[in-house]
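Below: the structure, in structure tokens.
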Amino acid sequence: MHAEILQSAAAPSNPLIRVFFPLAVIFGVVSYLRRKESIGGWLLYFYYWIYALFVAYAYDVVAHYRVFLPSSKADSEHHLALIATVYPRLLALGVVIGIAMIMLKQREWVWVERLRLALGAEIVIAAVSVGLDARYFPKSFGLNLGRCVMMFLWFLYFCLSDRVYSVFRLKDWESVRPPIPTRPEGSPGSGPS
């Protein structure tokens, strides 16, 4: 019985899937339509993904808060494993979100480097968490392994992306795109706007 309680706490959140899937499609379309903008395409989709992942993790903690309490009926080994799989991962993802937001606002290369470091730390923490899932919470293993792999793919994106390099390092994303034509002085509609 204790294992069932812990399994439900670590299992995917079904109510959120009904919200996340339509949002993922909407954000995918918006990201595609903004692909020529500096913050568009995969870079924009990254922001949706990390927020959705954080909300999913936080929802699991809040929805099943009783299994995290010291008075939980779980044996101490499973209880410690649950704490070790959930809280470090949630904290590390919060750090990734914080750095990503600063990076978005300041658009300095140093924040890309810090984001890479935070993503690397999140990957290590997620890998340890997946290892604990394999032993203690096998129902959560596949989902959390997928999340870990996606985090690794985002890490590669921030290491290899031309857009990231152009937007944050060179700061020339707009200049390498053809400028929007302007109307010559004196033509209709060319007055001050």
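Values in this text are rule-based calculations from the coordinates and carry no lab data. Computed from a predicted model, the values in this text were never measured in an experiment. A quick note on method: Cβ atoms are made from the backbone with ideal geometry, for glycine too, and the neighbour counts reach across all protein chains shown.
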>> Quick test of your reading of the structure: VAL110 fulfils all but one of (1) surrounded by fewer than 15 Cβ atoms within 10 Å (Cβ to Cβ); (2) touching a Pro at 6+ places or on another chain (Cβ under 7 Å); (3) of a type in the set (Val, Ile, Thr). Name the failing condition by number.
In response: (2)
> Taking only pairs six or more apart or across chains, which ones have beta-carbon atoms under 7 Å, a first residue in the stretch 104-128 that is in contact (Cβ under 8 Å) with a residue 60 or more places away in the chain, and a second residue that is aliphatic (A, V, I, L, M)?
Replying inline: LEU104/ILE39; ARG107/VAL167
